[in-house]
Amino acid sequence: MESSEQERLALVQQAFNAAFQRRAADLKQAATDEQAEEVLRNIARLERAYLAAAEQALDRTGPQIEAAYQAARDAKRSVDEAYASAKSMAERIARVGDLAGKIGDLVAKAGGKA
């Protein structure tokens, strides 16, 4: 089944919203300044992707777009799992960073900027 433009935008928005809502708790739990900076950097990456997605149609289709969508969905599930099972801060930061990259890839490909 092919994802829709609305599903893609919803995924991007959910990823950004979740990271933004977790921000305060993540910053409190950060063990180092570097971890705190990485939390903020990941949120900024997700925000940029969300704003880009909101400005353009994510209406391109094809196998590359579906692969990017599935990779982003899987990365979001991985982040959700990391938070649900109280993984280490370093692990959560890494997973959110991976998610930010995959969301950015999805927006670039589905929006035609890849």
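The values are calculated or read from the model by the stated rules, or taken from the named source; none is laboratory data. Computed from a predicted structure; not experimentally measured. Positions of Cβ are generated from backbone atoms using ideal geometry, with glycine treated the same way; all protein chains shown enter the neighbour counts.
Scanning the stretch 42-83 for residues that are more than 17 Å from Ser3 (Cα to Cα) and either more than 12 Å from the chain's Cα centre (by Cα) or among the polar types (S, T, N, Q) (or both) turns up Asn42, Leu51, Ala52, Glu55, Ser78, Glu81, Ala82, Tyr83.
Sub-7 Å Cβ pairs linking a first residue in the stretch 58-79 that is farther than 9 Å from Leu106 by Cα and of a type in the set (Val, Ile, Thr) to a second residue that is modelled with pLDDT of 95 or more and surrounded by 13 or more Cβ atoms within 10 Å (Cβ to Cβ), at least 6 apart or interchain, are Val79/Arg95; Val79/Val96; Val79/Leu99, ordered by first then second residue. In the stretch 96-109, the residues that are farther than 15 Å from Glu66 by Cβ and surrounded by fewer than 24 Cβ atoms within 10 Å (Cβ to Cβ) form Cβ pairs under 6 Å with partners that are at pLDDT 95 or above and not small (Gly, Ala, Ser), at six or more places apart or across chains, as follows: Gly97/Asn42. Residue-level analysis places Arg48 among those that are touching a residue at least 12 places away in the same chain (Cβ under 8 Å), surrounded by fewer than 19 Cβ atoms within 10 Å (Cβ to Cβ) and of a type outside the set (Val, Ile, Thr). Among the conditions (1) closer than 19 Å to Val107 by Cα; (2) in contact (Cβ under 8 Å) with a residue 12 or more places away in the chain; (3) more than 15 Å from the chain's Cα centre (by Cα), the only one that Asp26 does not satisfy is (1).
Restricting the stretch 44-85 to residues that are of a type in the set (Gly, Ala, Ser) and outside any helix (DSSP H, G or I), the residue that is modelled with the highest pLDDT is Ser85.
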